[in-house]
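Everything below concerns the one structure shown next.
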Amino acid sequence: MNTLKKLKAMDVSKIAAAIEADAGQALPGLRESLAEAKSGAALQVHTPAEIVARRRGRPTGSVALVVKEPVKMRLDADVLTALRASGDGWQTRVNEMLRASLTLAGRLPSKG
């Protein structure tokens with residue numbers, strides 16, 4: 001069975017449940033990513049003109065500019081170890097956790 005047929009045949013809920021069981025936690029966006037892979041959106045073929053039109057670096061125009069400021073902060077060693085153990089993107093997840101906490105406390109407006 002080729003890769004595309006395997007993707008089309010996969011049970012997104014079953015695979016997501018297995019991945020989350022292995023991770024020991026719910027993973028935001030996992031089911032959407034698996035559904036995108038199943039639909040074949042990740043396998044899009046690009047024309048030579050589209051490839052030439054691409055620029056190095058991040059896309060401009062359609063992507064909202066997010067300005068983030070580097071900060072230096074001190075965290076307890078066990079907290080930092082737990083955050084880093086969550087894998088790549090841990091700093092982005094810390095930002096999301098802080099945003100959610102501040103939104104719940106009424107310190108930031110809710111998005112969406």
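All other residues whose Cβ lies under 13 angstrom from that of Glu96 are scored, Lys and Arg at +1 and Asp and Glu at -1, for a net of +4. Taking a straight Cα-Cα cut-off under 15 Å and skipping sequence neighbours fewer than 8 places away in the same chain, the aspartates and glutamates within cross-link reach of Lys8 are Glu32, Glu36. Restriction of the trypsin sites (Lys or Arg not before Pro) in the range 72-112 to DSSP coil positions whose beta-carbon has at most 15 other beta-carbons within 10 angstrom yields Lys72, Arg74, Arg107, Lys111. Considering all projection directions equally, how large on average is the shadow of the alpha-carbon convex hull of the range 66-111, in square nanometres? That works out to 4.2 nm², a quarter of the Cα hull's surface.
Values in this text are rule-based calculations from the coordinates and carry no lab data. Predicted, not measured: the structure shown is a model, and the values here were computed from it. Because the Cβ atoms are built from the backbone with ideal geometry, glycine has one as well, and the counts that use them run over all protein chains shown.
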